[in-house]
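So the structure is just underneath, and the comments pick up after that.
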Amino acid sequence: MDLNKDVKFVKGVGPNRVLLLNKLGIFTLKDLIEYYPRDYEDRSKPKKIIEVLDGEEVLIQAVVQTKVVEARIRKGLSIYKVKVADETGFMEITWYNQPYIKAQIKQGEKYNFFGKVNFKYNKKEMNTPVFDKSSNAKNTGKIIPLYPLTYNLSQNVLRKIIENGMQEVEGNLPETLPEYILKENQLYSLNMAMKKIHFPDSFEDYENSRKRLAFEEMLIMQLALLKLKGDYEEEKNGIEFSKDVKMSDIIDNLPFKLTKAQLKVLQEIDDDMENKKPMNRLLQGDVGSGKTVVSIIAAYKAVKSGYQAAIMAPTAILASQHLESFTQILSRYGIKCELLVSNITKKRKEEILENLKNGQIDIIIGTHALLEENVVFKNLGLVVTDEQHRFGVKQRSTIVAKGNNPDTLVMTATPIPRTLALILYADLDISIIDELPPNRQKIDTYAVTKHLENRVNDFIKKQLDEGRQAYVVCPLVEENEEINAKSVLELADKYKEEIFPNYRVEYLHGKMRPKEKDAIMQEFKDGKIDVLISTTVIEVGVNVQNASIMVVENAERFGLAQLHQLRGRVGRGEYKSYCILKYQGNSDVVKQRMQVMQETNDGFKISEKDLELRGSGEFFGTKQHGLPEFKIANIFEDMPMLKNIQIISLKIIEEDPNLELEKNKLLKQAVDKKFMAGVDM
């Protein structure tokens, strides 16, 4: 049994379907069996016709009383009806435009029908149900898994393919958790869990299977992070930065006053830097809380102690913004800062690399370009990575390896509730800046529905006429018929031609080349664009002082933490700023979420609330926020299990720091595999 074999060789796949499966991220047999259901439909308990309720989805077992009657209503619409009965009553079943029904439904035969019941004119009817012969039920009479789909792939087809895949591995999957873990935590075996997660006989089966699979995912993540922390701590021979270099020398000369929270965090960083153990610290701070200045002061201490610092940012524009900030504060101390991004000339790049190698550059600020092999330092002492969610553990360790156990500071503007942060960043010590500088303006936030659209547009025009600029953010790049969300391209046309024909409107999205994105962002920053329409690519740290309006289309589709990040793009200059959230839908949760955004500007409160209201993996808009990508575990819903797993993991690592004991062999394999795969954590 080869779990890595190409999924096209699984029975029922073939050349066309393999492309559809690839779209879902299914390339191998392993991917197929680990493609878990998103929901289940209980088609297991039949009801008598007399018991069914109006509007309920239900399974009935009934005998067909009449032939299928076809009625052509108009061109393109045919209806097929049949009457069925059990010993308690009659029901009418209807299908639309499904001529094959005539061949499939036979008078006098007994069938299972699963669908929604309607009561009309004292008659009970069911429209387009799922049906099977009662003697050979495949899609009814049991709990049926429902999978996330792609266009042109139906539930029935995908279910059958997964069933075929499961038959290939049945009972033969090698166990991945030690016996003692399974026993102590009352967990299903891997074979049992895989079988029952796809085809449970009861909802208890499903719960137990999910518990086992989620437990494993989170345990391996925790062990991997704790082991990483252990590896760091073993390296006692880090750099002891000079106690004679005082952070206060630079703090006292800043043109503004630091907040108490910034000073507290700097004290923690100072203690770490003067300690022999390499610093590994996560600095969490809300949008605009002043994390950059903290990193500038840490870099000052490193350079004045005789070392170099590397600052890694996720985009070229953010890197150049950092260069401005660093140079502005540090140039008076004779500290040389330089920028290394991919779009500089070859000659300039060679010059920078040479100067870095011979120590003429003190602080290098750049993007992924810093990870390249030819980037060599004379004496790297401090690594700062900005926006943790764009860089995983692997990339961090690549740049750290360019020095001799340098200190590391990871900065993120994603506020995560502290309990969660302690678990998710188990490999890092945590500092939090939990207050905003006194001069930060409150951004007025308004949540509006469609009927206020014209007023919103008039308001934007008024701001543009006063010389300001506006962001408009929407969730999709191209229009997708299935999802009613405005796309960037469609919206850009509408804004350019209809709404703002007299203003400069441009668009930006993730599918553009990095150079294109940077160029447009630079033009916006330079004031050459009035309205920038974009996906969330503008979310990270870019500072456009003149932008005073953030409009978010389909705001209900974003996590609160993400909306808060987007809102932080405005209000960075002297002008009064506004965030307008356009939303659709009347559900209580949507309204509550919009209310939270209007009432508070505190990122930590918002993240707590988001957890409470959604309690789901959508919390951060998934991938981009560096939370581990789980196939089945859900960090928020599984919080109690995660806390328990943290205790179990600490106990395991305490007893066996390198997972060398025979009983932990399987855990070691799983942890090593996680790092080998380069999974970002």
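Bear in mind these aren't lab numbers, they're just calculated from the coordinates by the rules spelled out. Keep in mind that what you see is a predicted model, and the values were worked out from it rather than measured. Cβ coordinates were reconstructed from backbone atoms using ideal geometry, including for glycine residues, and neighbour counts include every protein chain displayed.
Packing-wise, with mean Cβ within 10 Å as the measure, how do 516-529, 652-665 rank, highest first?
Packing order, densest peptide first, comes out as 516-529, 652-665.
Given a Förster distance of 25 Å, report the FRET efficiency between LYS462 and ASP602 from their Cβ-Cβ distance, rounded to the nearest 0.05. The value I calculate is 0.30. In a DSSP loop and with at most 14 other Cβ atoms within 10 Å, the chymotrypsin sites (Phe, Trp or Tyr not before Pro) in the stretch 245-321 are PHE256.
Calculate, in nm to one decimal, what ALA71 and SER587 gain on full extension: separation in residues at 0.36 nm each, minus their alpha carbon distance.
Values: separation 516, 0.36 × 516 = 185.76 nm, distance 3.87 nm.
Residue separation times 0.36 nm, minus the Cα-Cα distance, leaves 181.9 nm.
Bridge orientation summary for the chain: considering DSSP beta bridges with both residues in this region, about 40 percent are antiparallel. Is the shape of the stretch 444-600 best called rounded, prolate or oblate, per the rule: a/c under 1.5 gives rounded, else a/b larger than b/c gives prolate, else oblate, with a ≥ b ≥ c the square roots of the Cα gyration tensor eigenvalues? Since a/c stays below 1.5, the shape of the stretch 444-600 is classed as rounded. Multiplying the residue separation of ASP249 and LYS528 by 0.36 nm and removing their Cα-Cα distance gives an extension gain of 96.5 nm. Please say if the stretch 76-135 is rounded, prolate or oblate, where rounded means a/c under 1.5 for a ≥ b ≥ c the square roots of the C-alpha gyration tensor eigenvalues, and otherwise the choice is prolate for a/b larger than b/c and oblate otherwise? In terms of gyration-tensor shape, oblate. Hey, for a label at GLU109 modelled as a point 7 Å past Cα toward Cβ, could you say which residues of the stretch 134-174 have their backbone N under 15 Å away? Residues passing the 15 Å test: 134-140.
A simple spin-label model places pseudo-atoms 7 Å from Cα toward Cβ; at LYS264 and TYR100 they are separated by 6.5 nm. Stretching ASN185 away from SER397 to a fully extended chain increases their span by 72.9 nm, per 0.36 nm per residue minus the current alpha-carbon distance. Modelled spin-label separation between PHE256 and LYS511, with each label point placed 7 Å from Cα along the Cα-to-Cβ direction: 3.9 nm.
Nearest 500 deg cm²/dmol is fine: what mean residue ellipticity at 222 nm does the chain get from its DSSP H runs of n ≥ 4 alone, each adding -39,500 (n - 2.57), divided by its residue count?
Details: 22 runs with 248 residues, N = 681.
Result for the chain, helices only: -11000 deg cm²/dmol.
I'd like the trypsin sites (Lys or Arg not before Pro) in the stretch 39-141 restricted to DSSP loop residues with at most 16 other Cβ atoms within 10 Å, sorted by number. Provide the component values of the computation, followed by the final result.
Values: sites: ARG43, LYS47, LYS48, LYS67, ARG72, ARG74, LYS75, LYS81, LYS83, LYS102, LYS106, LYS110, LYS116, LYS120, LYS123, LYS124, LYS133, LYS138; in loops: ARG43, LYS47, LYS48, LYS67, LYS75, LYS106, LYS138.
Of the trypsin sites (Lys or Arg not before Pro), the ones in loops of the stretch 39-141 whose Cβ has at most 16 other Cβ atoms within 10 Å are LYS47, LYS48, LYS67, LYS75, LYS106, LYS138.
Each Lys or Arg adds one and each Asp or Glu takes one away; over the other residues whose Cβ falls under 15 Å from the Cβ of GLU109, this sums to +4.
Here each label is just a point 7 Å from Cα along the line to Cβ, and for ASP672 and TYR151 those points are 4.5 nm apart.
If the limit is 27 Å between Cα atoms, which of LYS291/LYS442; LYS301/LYS674; LYS211/LYS674; LYS291/LYS494 go over it? Provide the component values of the computation, followed by the final result.
Numbers: LYS291/LYS442 18 Å; LYS301/LYS674 35 Å; LYS211/LYS674 20 Å; LYS291/LYS494 38 Å.
In this structure, LYS301/LYS674; LYS291/LYS494 lie more than 27 Å apart at Cα.
What would the Debye equation give as log₁₀ I(q)/I(0) for the stretch 245-337 at q = 0.11, 0.12, 0.14, 0.25 Å⁻¹, counting only Cα atoms as equal point scatterers? Each listed q maps to, in turn, -0.30, -0.36, -0.51, -1.70. The computed Cα extents along the principal axes in Å for the structure shown corresponds, within (1) 127, 108, 79; (2) 94, 72, 45; (3) 87, 79, 41, to (2). Packing-based ranking of 180-191, 22-33 yields 22-33, 180-191, ordered from highest to lowest mean Cβ neighbour count within 10 Å.
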